[in-house]
Amino acid sequence: MSLFFAILFYIATLILAGGVAYRVYDYARTPAPLKIPTTPAPTTSGGVAFRMFREVVFFESLFKSNLWIWALGWLFHVGLALVLLRHLRYFTEPVNFIIAFIQPFGMYAGFAMATGLAGLWARRFLVERIRYISTPSDHLMLALLLGIAVTGLLMKFVMHTDIVAVKSFFLGLMVFEINPLPAHPGLYLHLGMVVLLMIIFPVSKLLHAPGLFFSPTRNQVDNPRETRHLAPWAAKFEAKN
Amino acid sequence: MADETTPVAAAPAPPPAAKSAPGKPTEKAKVVAPAFREYPTIPALKIDSMVESNPYVAAAVHNESVGFPGTLVEGWEQKAVAKMGELLGKYRSLKVYMDSCVHCGACTDKCHYFIGTGDPKNMPVARQDLMRSVYRRYYTLPGKLFPKLVGARDMTKDVLDDWFRYYNQCSECRRCSVFCPYGIDTAEVTMAAKEIMHSVGLGHKYVNEIIGKVHKIGNNLGLPGPALENTLEGLEEDVLEETGAAVKYPLDVKGAEVLLVTPSADFFAEPHVDSLIGYGKVFHAAGISWTLSSKASEAGNFGMFIGNYEQMQKIAMRVREAALELGVKRIVVGECGHAWRVAYAFWNTLTGIGAGANDPFAIQLQKQLDPNYKQPSHICEVTWDLIQQGRLKFNKEANDHRIVTFHDSCNVARGSRMGDYAGGQFDIPRNIIRAVANHYVDMSEATTREKTFCCGGGGGLLTDELLDLRVKGALPRMEALNRIVQDNGVNFMATICAICKAQFTKVLPYYGFKMSMVGGVHQLVSTAIVLNNEQ
């Protein structure tokens, strides 16, 4: 089983890193031929960086849009961020003091994450408009994330696993050594779902994470009268004129 | 002015028979205005309630005049999918927006057409999904392997029919893009869908007919040069008679300082023409020499509505050519929403009207234009600058019979700017109104500035066969207007868009308002401005 998970993690990591890197490269190489920031938009690149910061950290547009979705979505994402940071302790030795500092928050952030997910999922059943737009994959994605959160919380608070052995397994992976993974159904489930999430990340709507940074309505400076903006494929038309 | 002759709208002529018609012209559809809601709640879904809203399919002659195949081509399914692939490689917006949507639902209640119709396919996310489902099928691995799971669909006739219906129920107003956490702009998706449909020979009659007229005659209304000259002479006589001032409305004057490019509706549609009169009075009072151009007698650019870069550029090039021929120092754009978006945001890219170029094509024009002014400028920027310099005088009491509000036009609000700071496009028109009128009231802030609702007629939908859609789409704006009519006695809604003016003129009566309630900002300027009568 240890070997099986080791191979899975190597493959999943390759797919995740390679897939997202390819997507980012693909977005970056695709031209944005016209200036289309949603105005009012910042007139300087510093302003754009600040706008992007507010979107990424506070979900500003979503806040303007719908307080329920914002509250649940933000709860989930902040919870997830803290949980991910906390998990860095299983990949580093010695543990960075910031990660050690986050530990108590990260433990309970798992509950925030699960609450947010459950709320978002409930909306898919309870709100007619959102029920209409939901596809099976939307439900499965939430089920997957919620499953990861719940199995994680179970191991933390109910049915403990040998966490020292888990850490040694992952530290081993990073230097291509396979150490034994504790035989624990909750752990197998947890890790299996994480692997699945890593694999579907680059081919699913989870691409919203890198996508936001490439969204022309949010990342363009509003200065079309001051600077001439021309995409290579569009420049060719000028020769004709 | 008679209801049926609102000139920007297509004449209600019988539609040409279309062979491969996905949107077969329906019999004169019943036009029903929804009742005002006491509290603007989110409507319950009415599945397929707008499935009968079918725009007229362009006849072969109209498609071909714009360089598209006349009718639906053989093997259109593969060609449409291939065209989608081409656009995905040319437009980062489309590629990122196809991937990024998480179906969170934030946009679902933001579209005026959804609010007015309750048809779920008018929710921005559902409208995008009409294309996203096809994108997933052909351009993503999960869609190829598990189409049902991710909501992927083959490109079929049913899908194409839905595209034609529902992408012609989007006015490309970008309200949804304000609220999307990833900034997904449905207008970009709609434009791409229209581009794909055109490339396989499925065009919208109204829009393609108009683009044809621009190329052939120089403006959307098909008003030839001599008729234009006549109209302008008539205006001069009218203004002289009314004010005693010899205000000029010049055409094709070489060496004028300003070239004014304005929507052709300004030349004779009501209430548009009152704003044209106003522009002339402003230039007259400030002593600025100006001219219109018979070659570029149209600011509107329907190339944007169909998402076709080449058409948009071709239409915009007329302005560059006119500016070079006439040797003007400044280019000013009249009251037109989408035209101002194209002018402000795209002209520099398309034609080199702007600043900051380092290529010969653009430098040629940019060294002719006066760098002390923004190129292009909006007429409101010009007027507000002159007001601030104290070069215009007003008798504000002349507007005392009006209690005025301002409708932010979508393309100005969310696709452009005026002045030096973000949001100037909201303040400058309001500043002008306050400088020329004593009574001003804003509508609810949930419906103004960047949250403004489209009039319901933008994006190339201002045509009679879509009147039912247009009336329903106007609901949120009409509700906000109704509130201040009841509370504050507002009797004039100013706006700076030819489409808004034509749309409201037609739609206001369905909601129990007078069509004369809508007018231009420069109509108010025109009423109050004090002219030097001794010229």
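Computed quantities for the displayed model
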read-out: Cα-based shape type of the range A:176-241, given that a ≥ b ≥ c are square roots of the gyration tensor eigenvalues and the cut on a/c is 1.5; value: prolate
read-out: FRET E, pair residue A:88, residue A:28, Förster distance 22 Å, beta-carbon r, rounded to 0.05; value: 0.20
read-out: Separation of alpha-carbon centers, the range A:173-219 and the range B:400-416, rounded to whole Å; value: 48 Å
read-out: Binned Cα-Cα distance frequencies in the range B:28-203 - 5 Å width, integer %; value: 1, 8, 16, 20, 20, 16, 10, 6, 2, 0, 0
read-out: Tensor-based shape of the range B:326-470 (alpha-carbon gyration tensor, a/c under 1.5 rounded, otherwise prolate or oblate); value: oblate
read-out: Residue-wise HN-Hα coupling along the range A:18-30, computed from phi with Karplus coefficients 6.51, -1.76, 1.60 (Hz; x: Gly, Pro); value: x, x, 5, 4, 5, 4, 4, 4, 5, 4, 5, 7, 7
read-out: Hits among lysines - C-alpha to C-alpha of residue B:472 under 18 Å, sequence gap 8 or more where chains match; value: B:28, B:30, B:46, B:110, B:121, B:501, B:506, B:514
read-out: Ranked list, fewest to most other Cβ atoms within 10 Å of each Cβ, for B:249, B:344, B:373; value: B:373, B:249, B:344
read-out: Eligible lysines near residue B:396 by straight Cα distance, threshold 16 Å, same-chain separation 8 or greater; value: B:281
read-out: Exercise: per-residue mean of other protein chain Cβ atoms within 10 Å, B:415-425; value: 4
read-out: Residues whose placed amide H lies under 5 Å from that of residue B:530, excluding near-sequence neighbours; value: B:393, B:394, B:395
read-out: FRET efficiency, residue A:196 to residue B:482 (Cβ-Cβ, R0 41 Å, nearest 0.05); value: 0.20
read-out: Test item: A:54-66 mean partner chain Cβ contacts at 10 Å; value: 4
read-out: All-pairs alpha carbon distance profile, chain B, 10 Å steps from 0, percent; value: 4, 19, 30, 27, 15, 5, 1, 0
read-out: Pairwise label distance in nanometres, residue B:400 with residue A:56, each label 7 Å out on the Cα-Cβ vector; value: 5.8 nm
read-out: Kyte-Doolittle mean at least -1.0, axial Cα span of 24 Å or more - DSSP H helices of chain B; value: B:225-243, B:309-326
read-out: Percent of beta bridges antiparallel (DSSP, chain B, rounded to nearest 5); value: 10 percent
read-out: Cα shape, the range B:379-457, gyration tensor, a/c 1.5 rule; value: oblate
read-out: Ranked B:442, B:370, criterion: other C-beta atoms within 10 Å, fewest first; value: B:370, B:442
read-out: Count, lysine Cα pairs under 23 Å in chain A, 8 or more residues apart or across chains; value: 4
read-out: Test item: B:341-354 mean partner chain Cβ contacts at 10 Å; value: 5
read-out: Residue order, fewest to most surrounding Cβ atoms within 10 angstrom, among A:86, B:341; value: A:86, B:341
read-out: Average projected area [Cα convex hull, chain A], square nanometres; value: 17.3 nm²
read-out: Highest to lowest packing among B:374-380, B:152-158, B:49-55, scored as the average C-beta count within 10 Å; value: B:374-380, B:49-55, B:152-158
read-out: Amide N proximity, the range B:164-208 versus residue B:310 label position 7 Å along Cα-to-Cβ, cut-off under 14 Å; value: B:195-196, B:198-201
read-out: For the range B:136-202, the Rg and Dmax computed from alpha carbons only, in angstrom; value: 13.6, 35
read-out: Of every Cα-Cα pair in the protein assembly as shown, the percent that sits beyond 35 Å; value: 49 percent
read-out: Inter-label distance, nm, simple model (7 Å from Cα along the C-beta direction), residue B:61/residue B:434; value: 5.3 nm
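All of the numbers you see were taken from the coordinates with simple rules; none came from a lab. Computed from a prediction, not measured in an experiment: that's the story for all the values here. Quick reminder, even Gly has a Cβ in these numbers, built from the backbone with ideal geometry, and neighbours come from all protein chains shown.
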